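**Student:** Can you keep this structure in mind? I'll have questions shortly.
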Amino acid sequence: MSLEQITQSMSQRVSPGSLDATVKFDFGDDGIVFVDGTAGTVSNEDAEADCTITMSMDNFKALVSGDLDPTTAFMMGKLKVKGNMGVAMKLQSILG
């Protein structure tokens, strides 16, 4: 799964007002996915977000496939959350 495929997949799940916040998924050298839940847009721009989730692309793929539990990933340091933790808790709807 490439950055473009992740961006496309999230675009299909995000609609205006689906998430009353902005979220940035930072995959380091693999790129960024920026979700504006208020506007219902998904892009690859590096913008300020209410919540930034930093993790590797491999861990993200394991998370969305169900092979990695979000809580476990957080506790093990495989997933870092900066900003509004409440927003991070609502992400299940756009991760699929």
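**Student:** Rank Ser56, Ser11, Ser65 by mean-square fluctuation in a GNM of the chain with C-alpha springs under 10 angstrom and give only the top-ranked residue.
**Tutor:** Comparing Ser56, Ser11, Ser65 in a Gaussian network model of the chain, the most mobile one is Ser65.
**Student:** Moving on to the next point. What percent antiparallel are the DSSP beta bridges of the range 22-95, to the nearest 5?
**Tutor:** On the way: 13 of 17 bridges.
Rounded to the nearest five, the antiparallel share is 75 percent.
**Student:** Once the mean 1/r over all distinct Cα pairs of the chain is inverted, what Kirkwood radius in angstroms do you read off?
**Tutor:** Details: mean 1/r = 0.0765 Å⁻¹.
Computed over the chain, the radius equals 13.1 Å.
**Student:** Could you identify which residue out of Asp50, Asp29, Asp69 has the top mean-square fluctuation in a GNM of the chain using Cα springs shorter than 10 Å?
**Tutor:** Highest fluctuation among the options: Asp29.
**Student:** Which of Thr38, Thr54, Thr22 ends up with the largest GNM mean-square fluctuation for the chain, with Cα atoms connected below 10 Å?
**Tutor:** Taking springs between Cα atoms under 10 Å, the residue moving most is Thr38.
**Student:** Based on Cβ point charges of +1 for Lys and Arg and -1 for Asp and Glu, what charge dipole magnitude is obtained for the chain about its Cα centre, in debye rounded to the nearest 20? Don't skip to the answer; put the middle values down first.
**Tutor:** Details: 7 positive and 13 negative charges, 63 e Å.
Dipole magnitude for the chain comes out near 300 debye.
Rule-based calculations on the coordinates, nothing more; no lab input. Every value quoted in this text rests on a predicted model; they were computed, and no experiment measured them. Please note: Cβ atoms are built from the backbone with ideal geometry, for glycine as well, and neighbour counts cover all protein chains shown.
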